[in-house]
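Colleague: This is the structure I have questions about; it appears just below.
The values are calculated or read from the model by the stated rules, or taken from the named source; none is laboratory data. A quick note: this is a predicted structure, and the numbers were derived from the prediction, not measured. Positions of Cβ are generated from backbone atoms using ideal geometry, with glycine treated the same way; all protein chains shown enter the neighbour counts. Keep in mind that these areas ignore ligands, DNA and RNA; they rest on the heavy atoms of the full protein, side chains included. Shrake-Rupley method; radii C 1.70, N 1.55, O 1.52, S 1.80 Å.
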2 protein chains.
Amino acid sequence: MENEELPRAITVKKMENFSKWYDQAIAAAGLIDKRYNVKGMFVWLNYGLETMKIIKDTWDGLFKKSNIKEMYFPLIIPMKYAQQNSSWFEGFKSEAFWVKTMDENNASHILRPTGEPAMYPMFALWIRTYRDLPLRIYETVSSFRYETKMTRPIIRDREITFWYEIHTAHQTKEEADKEIEEAVRINNIIWNKLSIPVLKVEKPKWECFPGAVGAIEYYSIMPDGRVLENGSCNHLGQAYAKKFNIKFRDKDNKEKFVWQTCTGNGARYLVAVISVHGDDKGLVLPPEIAPVQAVITTINVKGEKNKVMKKAEEISEQLEKSGIRVYVDADEKTPGEKFFEWEIKGVPLRIEVGPKDIESKNYFVFRRDENIKISMSEKNIVPECIRLLTEIQKNLLKKAEKFYDEKITEAADRKQLKNIIEQKKIAKVPWCESEECWNKIKEFEEGIELFGADLKKHSGKCIACGKPSAKKGYVAKTY
Amino acid sequence: MENEELPRAITVKKMENFSKWYDQAIAAAGLIDKRYNVKGMFVWLNYGLETMKIIKDTWDGLFKKSNIKEMYFPLIIPMKYAQQNSSWFEGFKSEAFWVKTMDENNASHILRPTGEPAMYPMFALWIRTYRDLPLRIYETVSSFRYETKMTRPIIRDREITFWYEIHTAHQTKEEADKEIEEAVRINNIIWNKLSIPVLKVEKPKWECFPGAVGAIEYYSIMPDGRVLENGSCNHLGQAYAKKFNIKFRDKDNKEKFVWQTCTGNGARYLVAVISVHGDDKGLVLPPEIAPVQAVITTINVKGEKNKVMKKAEEISEQLEKSGIRVYVDADEKTPGEKFFEWEIKGVPLRIEVGPKDIESKNYFVFRRDENIKISMSEKNIVPECIRLLTEIQKNLLKKAEKFYDEKITEAADRKQLKNIIEQKKIAKVPWCESEECWNKIKEFEEGIELFGADLKKHSGKCIACGKPSAKKGYVAKTY
């Protein structure tokens, strides 16, 4: 595998062979190199890292504004704490990477699969009285899971990079409820920056950690009609507090367990961006997270190079001054080669500068979202680019909304459900909220599952048992 | 250990008991919590993380400007690559954390102690012809070493957090020489932001990796007269290229090994800041890297709270507009408690706002570097704070230079050397540049070593053999 050449172009259509398209797109755009010699781990190349860092800066900024404090916990967890919550340990022990020194026979530590056993023993030290609450912290970190399912870069990795976890502790259930609302509010803003109308569902209790109150989960819809879990906000109740003995004295000096929430997501945000906005030419990045928002490509004609370069730099400077992230590509390549490369990378705007353009004082600007060229006069370039970037951001959201709308279809009975799944879509079905029907629906078609409930109330008849239902559930094949 | 309370105050003098002072200062200032339950690993608390992130932003910015591209490599290294360079493996195997899955008997992977075996197999894939060169990349990452020496937070850890590594590959030795100059130039800027006149030394060949050309290393002088290695720029020659088979075809289509350099450092920058600038009250942060450059402490008097808060916010806004990182501490504590806390944290400026100050339109501003209060009229606050922050940055450098000057003393013979070491100082001695005398000098006093040569030429007689010497070496106890 390791000597295999990386794909430099995309040879398949996204809607026809999404899986292959994805592998080609992330490689050809220079996001990652999957040839790292550990299965399920990859190298973030510079372009991928820069894109991911802008998404990370977005969440860092939002968390800071919400007064959630960033910290950093070690990656190695002692077995003692890994085992403190036995159901957590049972779930993760076969997926954990075990850590030992050369001289040890048995591993005494594991690499963190999630943050709880690293963080909660510290919470128990930090929280003494109600004055220490709420405690609201987060970290961005790698998590490690020895995945047995097929791995796929950024979607399912053994080193899960750029993973944030917010963990909070509160005096009351009501405060924890509010924290979940805040997590949802923040997630809405992030998804908006990505121009994606994510699917938000409620998880039933039996899908949550034992003792937890509930969870909101996000799913992105993929071109192949399957859904990918993409973030969650978990109301942990007092379940972990009781396992890790996290208590406080309230104003009346009574000892109580704290109420906790945790929220996490990471590089899968980028997976949603790649999959939803990308087209047959490659990535299409929303301006808000594009490391290069406008690329200026020079057309190199002998004897005119200096003139062209000077003008390219001049335009670049003007755009930069207006806060646009711009890059001048003055490489010795043909314009065609440059166009090809920047289109794969999904740069929102491309401005072409050659001797003829300079003479006419009119430039062609290429919009990646619609793949069209617009001619504009030199004096309009800056205001027009600013306007276009805003427009592209909105246009991508609109297109994504249309895609989501088309992909989600109501089904009242099993026949309709079957039909929808066969069309590679997501079905929305009336569901009585019972665990029995939750499980029954899984059996209706191969590979499908009911993965969560719509947050809105409705009134209908459960697709599985026919009894009255007040909720609708989403059914699809999942990643 | 884990239930031990953290020190909240500093009870010893820095110059009298540096070791204890350091432990108390990093805890009381809220930089880290060392009670994490794995020896040699600690939690970065928010204030520590924020400070460290500003230092990291500094290097990120400088590397970007120098066109060194950031990437990210997985933390887990397959044994095969760990063993590819046998002398590297011999050096690290007992210090490595070995990684295995639950079902494996023997570990097939290790956690990265350094980056070479993660990066260089990829270099071998990426570099084909001279057009792929120079390759100049870096990552900031944790490194893992099962330290057998006594661990101490940020100084010597088993998870080395915030560690950057620049790795470059070039066509010629001369290009690699230039890269080392560039690394030194960048390091100078970083050290300047920290207001520290670091000690820069040349390492002899036998201290470098076999086959390497040479290395520049940085050392910070600690209050106890010992020195701490603090970054290095390594000219690797073709040593690693030959081990990892990193070759390119030159313009004449001839196959050649690349020339490589690597440069690394990380959180020890912060150790230098803490140790050199700190005083008996706690940290003293240079304004350039202080997460809070000016704190406004309110004096809460009943019935006047709103007025005081309004004025504090007003001043805060004005300072923020001028680009100063400012925080309003309106907590229900006494002014004394607040002063104490912010002085331990080393915030450069403190502005006190109470009813009397508002009435007189005159405010007291406390300078942490000199521990003095200055009175200033309201209208002068913004320009004066800007001026003071620049002055503090320079003043700290001046004080640190004085400290370094006093700590480094010339010794012409063994008696002088002994005397200097007993005074907890660093000796600068004539040295003939032979390995024999390098080793001989170690035996002169217990625990000392010659740790590098001054870059300037001189002419004298070697302290060990008496033969003519053209270089001087630095001798001290080391961390």
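Colleague: Taking just the alpha carbons, could you work out the radius of gyration and Dmax for segment A:408-477, both in angstroms?
Modeller: When restricted to the Cα atoms of segment A:408-477, Rg and Dmax are 10.5, 28 Å.
Colleague: Hey, with R₀ at 30 Å, roughly what FRET efficiency would residue B:229 and residue B:414 work out to, going by the Cβ-Cβ distance, to 0.05?
Modeller: 0.75
Colleague: Just to confirm the number: angle between the C-alpha axis of helix B:335-345 and the first principal axis of chain B, 0 to 90 degrees, nearest 10?
Modeller: With rounding to tens, the tilt is 10 degrees.
Colleague: Could I ask something else about it? Shortest first and in nm with one decimal, please list how far the residue A:455 label point sits from its counterparts in the other copies (point 7 Å along Cα→Cβ).
Modeller: Going from nearest to farthest copy, the values are 5.8 nm.
Colleague: Here's another thing I want to ask about it. Would you mind checking which residues have amide H under 5 Å from residue B:70's amide H? H placed 1.01 Å from N; only 5 or more apart, or other chain.
Modeller: The list, which skips near neighbours in sequence, is B:138.
Colleague: State the antiparallel share, in %, of DSSP beta bridges confined to segment A:373-479, rounding to the nearest 5.
Modeller: Numbers: 12 of 15 bridges.
So the antiparallel bridges in segment A:373-479 amount to around 80 percent.
Colleague: Toward the positive end of the charge dipole of segment A:18-277, about the Cα centre and with charges on Cβ (Lys, Arg +1; Asp, Glu -1), which of A:271, A:244, A:29 goes farthest?
Modeller: A:244
Colleague: Summing -39500 (n - 2.57) over the DSSP H runs of n ≥ 4 in chain B and dividing by its residue number, what mean residue ellipticity at 222 nm do you reach, to the nearest 500 deg cm²/dmol? Before the final figure, lay out the partial values.
Modeller: Values: 14 runs with 168 residues, N = 479.
Value at 222 nm, helices only: -11000 deg cm²/dmol.
Colleague: Next question, about the same structure. Using the C-alpha atoms of segment A:167-226, what convex hull volume per residue, in cubic angstrom, is computed?
Modeller: Looking at segment A:167-226, the number lands at 104 Å³ per residue.
Colleague: Test of the criteria: in segment A:380-479, which trypsin sites (Lys or Arg not before Pro) are in a DSSP loop and have at most 10 other Cβ atoms within 10 angstrom of their Cβ? If you can, show how the numbers build up before the last one.
Modeller: Values: sites: A:387, A:394, A:398, A:399, A:402, A:407, A:414, A:415, A:418, A:424, A:425, A:428, A:440, A:442, A:456, A:457, A:461, A:471, A:472, A:477; in loops: A:424, A:425, A:456, A:457.
Of the trypsin sites (Lys or Arg not before Pro), the ones in loops of segment A:380-479 whose Cβ has at most 10 other Cβ atoms within 10 Å are A:456, A:457.
Colleague: If you take every DSSP beta bridge whose two residues both sit in segment A:292-389, what share of them, in percent to the nearest 5, is antiparallel?
Modeller: The answer is about 55 percent antiparallel.
Colleague: Same structure, new question: Write down, largest first, the equivalent ellipsoid semi-axes of the protein assembly as shown in whole Å, where each equals the square root of 5 times an eigenvalue of the alpha-carbon gyration tensor.
Modeller: They are 47, 37, 32 Å, listed largest first.
Colleague: Just how many % of Cα pairs in segment B:18-277 lie over 23 Å apart, if you round to the nearest whole percent? Could you put the intermediate results ahead of the total?
Modeller: Working: 18294 of 33670 pairs.
When every Cα pair of segment B:18-277 is considered, 54 percent fall beyond 23 Å.
Colleague: Right, next: Does a label point 7 Å from the Cα of residue A:327, set along Cα-to-beta-carbon, have any residues of segment A:14-47 with amide nitrogen under 13 Å, and which are they?
Modeller: A:29-32, A:45-47
Colleague: Cα-Cα over 26 Å: which of A:56/B:80; A:149/A:178; B:14/B:34?
Modeller: Values: A:56/B:80 33 Å; A:149/A:178 36 Å; B:14/B:34 20 Å.
Table pairs above 26 Å Cα-Cα are A:56/B:80; A:149/A:178.
Colleague: Which residue in chain A puts its Cβ closest to the axis that rotates chain A onto chain B, and at what distance in whole Å?
Modeller: A:99, 3
Colleague: Calculated FRET efficiency, residue B:249 and residue B:66, Cβ-Cβ r, R0 22 Å, to nearest 0.05?
Modeller: 0.25
Colleague: When only Cα pairs under 8 Å and 6 or more residues apart are kept, what is the percent relative contact order across chain A?
Modeller: Once divided by the residue count of chain A, the mean separation gives 13 percent.
Colleague: Taking H as built 1.01 Å from N, whose amide H comes closer than 5 Å to the amide H of residue A:95, not counting residues under 5 places away?
Modeller: For residue A:95, whose amide H was placed from the backbone, there are no distant partners under 5 Å.
Colleague: Under 18 Å Cα to Cα from residue A:418, which aspartates and glutamates show up? Leave out anything in the same chain fewer than 8 places away.
Modeller: Filter leaves A:224, A:406, A:410, A:443, A:445, A:446, A:449.
Colleague: Along segment A:24-39, what does the Karplus equation 6.51 cos²θ - 1.76 cosθ + 1.60 (θ = phi - 60°) give for ³J(HN,Hα), rounded to whole Hz, x for Gly and Pro?
Modeller: 5, 5, 5, 7, 5, 6, x, 6, 9, 10, 8, 7, 4, 8, 10, 4
Colleague: Follow-up question, since we're still on this one. What are the ³J(HN,Hα) values, in whole Hz, obtained from phi via the Karplus relation 6.51 cos²θ - 1.76 cosθ + 1.60 with θ = phi - 60°, for each residue of segment A:117-124 in sequence order, with x given for Gly and Pro?
Modeller: Values per residue, Gly and Pro as x: x, 7, 8, 5, x, 6, 4, 5 Hz.
Colleague: Charges at C-beta only: +1 for Lys and Arg, -1 for Asp and Glu. How large is the resulting dipole of chain B about its Cα centre, in Debye rounded to 20?
Modeller: Using only the charged Cβ atoms, the result is roughly 860 debye.
Colleague: Also: Run the 1.4 Å probe and let me know the accessible area of residue A:133, rounded to the nearest 10 Å².
Modeller: About 20 Å², ignoring ligands and nucleic acids.
Colleague: Rounded to the nearest 5, what % of the DSSP beta bridges within the protein assembly as shown are antiparallel ones?
Modeller: Once the DSSP bridges in the protein assembly as shown are tallied, antiparallel ones form about 80 percent.
Colleague: Looking at segment A:106-179, which trypsin sites (Lys or Arg not before Pro) are DSSP coil and have at most 10 other C-beta atoms within 10 Å of their C-beta?
Modeller: Details: sites: A:128, A:131, A:136, A:145, A:149, A:156, A:158, A:173, A:178; in loops: A:128, A:145, A:149, A:158.
Here the sparse-neighbourhood loop sites are A:149.
Colleague: Using a 7 Å offset from the Cα along the Cα-to-Cβ direction at both residue A:185 and residue B:105, what is the distance between the two label points in nm, to one decimal?
Modeller: 5.8
Colleague: Just in segment B:53-123: which GluC sites (Glu not before Pro) are loop by DSSP and have at most 15 other Cβ atoms within 10 Å? Walk me through the numbers on the way to the answer.
Modeller: Details: sites: B:70, B:90, B:95, B:104; in loops: B:104.
Filter output for segment B:53-123: B:104.
Colleague: Moving on to the next point. Quick one: Cα centre-to-centre distance for segment B:374-391 and segment B:51-130, in angstrom?
Modeller: Segment B:374-391 and segment B:51-130 have Cα centres spaced 47 Å from each other.
Colleague: In whole Hz and in residue order, list the ³J(HN,Hα) couplings for segment A:67-73 that follow from phi through the Karplus curve 6.51 cos²θ - 1.76 cosθ + 1.60, θ = phi - 60°; x for Gly and Pro.
Modeller: Those phi angles translate into 6, 8, 8, 7, 9, 9, 10 Hz.
Colleague: Follow-up question, since we're still on this one. Suppose R0 equals 41 Å. What FRET efficiency, 1/(1 + (r/R0)^6) with r the Cβ-Cβ distance, do residue B:443 and residue A:150 give to the nearest 0.05?
Modeller: Step by step, r from the Cβ atoms, then E = 0.10.
Colleague: Run the label-point distances for residue B:247 please: 7 Å along Cα to Cβ, every other copy, nanometres, shortest first.
Modeller: The answer, with the shortest distance listed first, is 6.9 nm.
Colleague: Sorted from shortest, what are the nm distances separating the label point of residue A:211 from equivalent points in the other copies, each placed 7 Å from Cα along Cα to C-beta?
Modeller: 5.5
Colleague: Along the Cα→Cβ direction, 7 angstrom out, place labels at residue B:356 and residue B:95. What is the inter-label distance in nm?
Modeller: For residue B:356 paired with residue B:95, the spin-label model returns 5.7 nm.
Colleague: Still on this structure, I have one more. Using 7 Å Cα-to-Cβ label points, what is the residue A:422/residue A:140 separation (nm, one decimal)?
Modeller: Calculated label separation equals 4.6 nm.
Colleague: Counting only the backbone N, which residues of segment A:263-288 are under 17 Å from the spot 7 Å out from the Cα of residue A:20 toward its beta-carbon?
Modeller: Once the point is set 7 Å along Cα→Cβ of residue A:20, A:279-282 turn out to lie under 17 Å by backbone N, inside segment A:263-288.
Colleague: At 20 °C and a viscosity of 1.002 mPa s, what translational diffusion coefficient does Stokes-Einstein give for chain A, taking Rh as the Kirkwood radius over Cα pairs? Give it in µm²/s as a whole number.
Modeller: 87
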